[in-house]
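Have a look at the structure below before the remarks.
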Amino acid sequence: MPVVARPALGYAFTIAAAGLLAVNGAVSALALQAGISATRLTALRCTGAAVVLVVVLALAAPGHLRIRWREVPFIAVFGIAGIALTQFLYYVAIGRLPIGIALVFEMTAPVFIALYVWLVRHERVRSRLWLALVLSLSGLVLVAQVWQGGGSLDLLGVAAGLAAALSLATYYLMGERGTVDRHPVALTAWAFVAAAVFWSVVAPWWEFDIGVFGERVPISLGSVQVPVGLLIGWVVVLGAVVPFWVSLAALRHVPPTTAGIVATIEPVFASVVAWLWLEQVLTPWQITGGVVVLAGIVLAQTARTQEPALPETGPT
């Protein structure tokens with residue numbers, strides 16, 4: 001039976017996914033502060049998400065897990081460049097920058113996408129792309145406060161945030177191609193498997209001391225302490241798998257571009273969560289710059305003249 005589109009439900013799902021990812025930024029920051037390296041945290045998130053997604057598909061729709069050998073190279077590159085590196089670079093960025101600022105840098109991905117399809121694919125783009133580019137660059141100048149002796153932000157963190165944007169753009173562009181002949185959930189599941197295999201080589205899971213999961217760490221809420229394993233569980237389930245499924249459900253009611261525009265609320269949510277929970281305070285200039293960048297992102301989302309069939313959610 002065909003699904004009746006209910007835009008209000010689509011907006012609600014998209015906002016819920018953004019909220020979960022915003023909270024996940026704070027939880028991930030706490031895991032990093034607890035001594036879990038960005039490499040190890042990324043490996044745990046990718047591996048955990050791969051296991052959950054594959055098990056769910058195996059039980060609910062095993063046919064979607066069929067894969068042809070000729071698809072393996074594409075999925076390997078998609079999983080490594082689009083998922084493994086995006087998450088790793090995001091974790092490096094939030095380890096050195098306020099979470100909201102790191103997300104602002106990463107979410108400039110639509111600007112890179114629009115430039116790519118114009119320069120490389122020779123697609124027609126709307127003239128608003130140039131305004132989007134100007135707004136994004138101007139906003140990033142304000143966010144970095146470059147007039148303060150070369151900037152007020154950690155340079156490695158900024159580089160990681162921008163590199164994460166390029167990796168995220170790769171994820172969307174490859175996902176747009178990959179979902180032409182493969183179910184998006186199956187594509188994402190196999191991409192997470194590829195990312196998990198990549199990290200098992202870079203950071204072998206058998207070298208990880210699982211006893212760390214039982215260590216209790218403060219979570220910046222009075223004297224409350226929780227096991228590290230609980231933080232990792234949140235990052236995997238509520239920070240990766242659930243937002244993906246919620247975003248997938250949203251696209252049954254709203255088109256990808258609309259969902260992408262609504263999802264730009266994530267840095268706002270993340271900044272509020274980080275302020276209330278982790279006491280990360282942004283300056284007025286940084287807040288203004290973030291708003292300007294988000295305006296540029298919205299314009300870039302609508303710069304393409306055809307509706308792209310993007311994956312349902314980014315891997316951040």
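Run the numbers on the chain and let me know its relative contact order in percent, using alpha-carbon pairs under 8 Å that are six or more apart.
For the chain, the relative contact order is 41 percent.
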### Query
Counting other Cβ atoms within 10 Å, which trypsin sites (Lys or Arg not before Pro) in the stretch 77-161 have at most 12 and lie in a DSSP loop?
R121, R124
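Counting helices only, and only those DSSP H runs with n ≥ 4, report the 222 nm mean residue ellipticity of the chain as the sum of -39,500 (n - 2.57) divided by its residues, in deg cm²/dmol to the nearest 500. Walk me through the numbers on the way to the answer.
Values: 14 runs with 201 residues, N = 316.
Mean residue ellipticity, 222 nm, calculated: -20500 deg cm²/dmol.
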## Note on the structure
Using alpha-carbon coordinates alone, the radius of gyration and Dmax of the chain in Å work out to 19.0, 61
### Query
By how many nm would the segment from V134 to T39 grow when fully extended, if each residue of separation counts as 0.36 nm and the alpha-carbon distance is taken off?
30.8 nm
### Query
With helices defined as uninterrupted DSSP H runs, which ones in the chain have an alpha carbon span along their own long axis of at least 30 Å and mean Kyte-Doolittle hydropathy of at least 1.0?
7-33, 38-60, 155-178
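Of I99, I219, I15, how do they rank once you tally other Cβ atoms within 10 Å and put the fewest first? The partial results should precede the final answer.
Working: I99 26, I219 20, I15 17.
Sorted ascending by nearby Cβ count, the order is I15, I219, I99.
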### Message
With +1 on the Cβ of every Lys and Arg and -1 on the Cβ of every Asp and Glu, and nothing else charged, how large is the dipole of the stretch 132-277 about its Cα centre, in debye rounded to the nearest 20?
### Response
320
### Task
Please give, to one decimal in nm, the separation of the simple spin-label points placed at D154 and V201, each 7 Å out from Cα toward the Cβ.
2.8
### Task
Report, in whole Å, the centroid distance computed from the Cα atoms of the stretch 272-290 and the stretch 1-44.
19
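Any chance you could run the full-extension gain for I265 through V77? It's 0.36 nm times the residue separation minus the Cα-Cα distance, nm to one decimal. Each step should come with its number before you reach the end.
Values: separation 188, 0.36 × 188 = 67.68 nm, distance 2.91 nm.
Between I265 and V77, full extension yields 64.8 nm more.
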### Query
Say each of L276 and L238 gets a label point 7 Å from the Cα, pointing the same way as Cα to Cβ; how far apart are those two points in nm?
1.3
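Would you please give the FRET efficiency between T283 and Y116, computed as 1/(1 + (r/R0)^6) with r the Cβ-Cβ distance and R0 = 25 Å, to the nearest 0.05?
Working: r = 32 Å, r/R0 = 1.29.
That pair, T283 with Y116, gives E of 0.20.
Every read-out reported here was derived from the displayed coordinates using simple, explicitly stated rules and does not represent laboratory data. Note that the structure is a prediction, hence the values are computed from the model and not measured. When we count neighbours, we look across all protein chains shown, and the Cβ atoms used for this are built from the backbone with ideal geometry, even at glycine.
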